[in-house]
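What follows is one structure encoded as structure tokens, with my remarks underneath.
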């Protein structure tokens, strides 16, 4: 079970929360819980190395939006996937971008202004093009099964 390592248990009071995730399920559940707390629209910037749990967290966001989390895979080759549920989820993966202009050409600003949640994997590559009103999530590998998640 994910637990608060540092920060407030009340998200409205915390500038930053540091969580420990001990399994892929914990990371998915964190995403599910975040989706239920996020305003509409919302932008979630995901930063972490390969295998840190970014896509797993997006699967949780999908579940929290009422989408089938099993349909969520990393959209590396298509750059964006849209999932429909009680709430829309737009899943960006900018890992393979050759130039940030490709991100702009996607019309990302329109997605950010629309309804739903926009989750961007490898967001550190396009931070200058993301809205300032966003949730930054940093995932760090601690060991084979556990992660540190800073929100």
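Data table
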| quantity | calculated |
| --- | --- |
| Residue that is modelled with pLDDT under 95 and in contact with a helix residue (DSSP H, G or I) (Cβ under 6 Å, 6 or more places away or on another chain), where the choices are 2, 17, 62 | 2 |
| Number of positions in region 124-135 that are assigned to a helix (DSSP H, G or I) and either in contact with a helix residue (DSSP H, G or I) (Cβ under 9 Å, 6 or more places away or on another chain) or within 12 Å of residue 42 (Cα to Cα) (or both) | 3 |
| Complete set of residues in region 103-128 that are in contact with a strand residue (DSSP E or B) (Cβ under 9 Å, 6 or more places away or on another chain) and on the phi > 0 side of the Ramachandran plot | 116, 122 |
| Options 94, 100: the member that is in contact (Cβ under 8 Å) with a residue 24 or more places away in the chain and in contact with a strand residue (DSSP E or B) (Cβ under 7 Å, 6 or more places away or on another chain) | 94 |
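The values are calculated or read from the model by the stated rules, or taken from the named source; none is laboratory data. In this text, all values refer to a predicted model and were calculated from it rather than measured experimentally. Positions of Cβ are generated from backbone atoms using ideal geometry, with glycine treated the same way; all protein chains shown enter the neighbour counts.
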